[in-house]
Amino acid sequence: MPTSKKPEKLVVDANPIVSALLGGASRRIFFEAGIHLFAVPEFILSEVRAHIPTLAVKLEITETYLEYALTLLPLIAYPSQTYRQTISQARQLMQHRDPDDADTLALTLKLGIPLWTNDHDFEGTGVEQFTTARLLAMFFRKSRI
């Protein structure tokens, strides 16, 4: 369900967070787009933290630096109790895709806001989705004078 309206709130999947830690363009969305809420399941933050040692080696920086960078992202973490009413529906929708994405989908369903992801596994789940590229185009489109 695409829309041309700029989102004010988003649930964030792991890939935009990792991209931001790697210095990717998603940082602009986190810090310059004026979005009021970046919601994330606590599970996703745990998943991202599990990748920090590998990312630190890849970037040749310390794990402590990446942990600190993660704390600077304007993320609001939600415990699984928040979306326990929608987790069964999310698991059913994700059963033939990536079951690890069920928490993200469940929070999206619970909050009723769009999802920011670059993962195609969420297609066909009935939730509005934004890719990083789409958000960059919406918020930072060059004006023609």
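The values are calculated or read from the model by the stated rules, or taken from the named source; none is laboratory data. Keep in mind that what you see is a predicted model, and the values were worked out from it rather than measured. Note that each Cβ is placed from the backbone with ideal geometry, even for glycine, and that neighbours are counted across all protein chains shown.
In the condition set (1) in contact (Cβ under 8 Å) with a residue 12 or more places away in the chain; (2) among the hydroxyl-bearing types (S, T, Y); (3) over 16 Å from A33 (Cα atoms), T132 is compliant with all but (3).
In this structure, L55 does not satisfy being part of a helix (DSSP H, G or I), hydrophobic (A, V, I, L, M, F, W, C) and within 17 Å of K9 (Cα to Cα).
Residues are listed down the side, and each one gets a yes or a no for (1) among the basic types (K, R); (2) in contact (Cβ under 8 Å) with a residue 60 or more places away in the chain; (3) exposed (fewer than 11 other Cβ atoms within 10 Å of the Cβ):
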site: T64; (1), (2), (3): no, no, yes
site: E67; (1), (2), (3): no, no, no
site: T82; (1), (2), (3): no, no, no
site: D98; (1), (2), (3): no, no, no
site: D103; (1), (2), (3): no, yes, no
site: L111; (1), (2), (3): no, yes, no
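The listed residues are A133, A137, A106, A102, and the only one of them that is touching a Leu at 6+ places or on another chain (Cβ under 9 Å) and among the aliphatic types (A, V, I, L, M) turns out to be A102. With respect to the conditions (1) β-branched (V, I, T); (2) over 25 Å from P99 (Cα atoms); (3) in contact (Cβ under 8 Å) with a residue 40 or more places away in the chain, I35 falls short on a single one, namely (3).
When E8 is tested against (1) farther than 16 Å from M138 by Cβ; (2) in contact (Cβ under 8 Å) with a residue 24 or more places away in the chain, only condition (1) is not met.
Can you tell me how many residues within segment 1-14 are surrounded by fewer than 19 Cβ atoms within 10 Å (Cβ to Cβ), at pLDDT 95 or above and within 18 Å of N118 (Cβ to Cβ)? Break it down stepwise before answering.
Restricting attention to segment 1-14, the residues satisfying the condition of being surrounded by fewer than 19 Cβ atoms within 10 Å (Cβ to Cβ) are 1-6, 8-9.
Right, trim to at pLDDT 95 or above and you get 8-9.
Next, from what is left, pick out any that are within 18 Å of N118 (Cβ to Cβ): none.
Of the residues in that region, 0 qualify.
Consider segment 15-52 and keep the residues that are among the β-branched types (V, I, T) and part of a helix (DSSP H, G or I). The one that is surrounded by the fewest Cβ atoms within 10 Å (Cβ to Cβ) is V18.
If you take just the helices (runs of 4 or more DSSP H) that sit entirely in segment 73-144, which of them hold at least 1 residues that are more than 23 Å from E8 (Cβ to Cβ) and within 17 Å of the chain's Cα centre (by Cα)? Give the derivation first.
On the way: elements: 87-94, 102-111, 132-140.
The qualifying helices (runs of 4 or more DSSP H) are 87-94, 102-111.
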